[in-house]
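Here is the structure we will look at.
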Amino acid sequence: MLWYGHVPGGWGWMAMSVGMILFWAALVAVGVLLFRALSRSAGSGATATAPPTGPTPERVLAERFARGEIDEDEYRRRLAVLRADDGPRLSKS
């Protein structure tokens with residue numbers, strides 16, 4: 001490609017090559033992001049209702065009691081707070 005009699009030198013070819021690589025990388029990235037966004041929105045109903053993973057607070061409390069970190073009175077008191085309808089109460093002390 002000759003523009004007005006000028007031949008692109010080594011740096012011109014390098015800039016065109018890098019530009020083409022960046023163009024195709026951007027095009028592929030947009031395609032991947034679009035695919036992920038569309039697949040996530042289609043399956044979002046199933047993942048929104050999934051139960052949380054990991055141990056429950058009652059299970060953690062039971063494990064602490066089993067290891068001897070807390071005594072029976074503290075275990076029962078904390079378990080009652082966890083099972084209360086209004087949740088844990090914060091005391092001002």
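The values are calculated or read from the model by the stated rules, or taken from the named source; none is laboratory data. The structure presented is a predicted model; accordingly, all values stated were derived computationally and were not measured. Keep in mind that these areas ignore ligands, DNA and RNA; they rest on the heavy atoms of the full protein, side chains included. Shrake-Rupley method; radii C 1.70, N 1.55, O 1.52, S 1.80 Å.
With the requirement that a residue be open to solvent by less than 80 Å² (accessible area, probe 1.4 Å) and either under 19 Å from the mean Cα position of the chain (by Cα) or hydroxyl-bearing (S, T, Y) (or both), what does region 30-39 give you? Of everything in region 30-39, those that are open to solvent by less than 80 Å² (accessible area, probe 1.4 Å) and either under 19 Å from the mean Cα position of the chain (by Cα) or hydroxyl-bearing (S, T, Y) (or both) turn out to be V32, A37, S39. Is it the case that region 44-59 has a residue that's aliphatic (A, V, I, L, M), open to solvent by 90 Å² or more (accessible area, probe 1.4 Å) and modelled with pLDDT under 95? Among the residues of region 44-59, not one is aliphatic (A, V, I, L, M), open to solvent by 90 Å² or more (accessible area, probe 1.4 Å) and modelled with pLDDT under 95, which makes the answer no.
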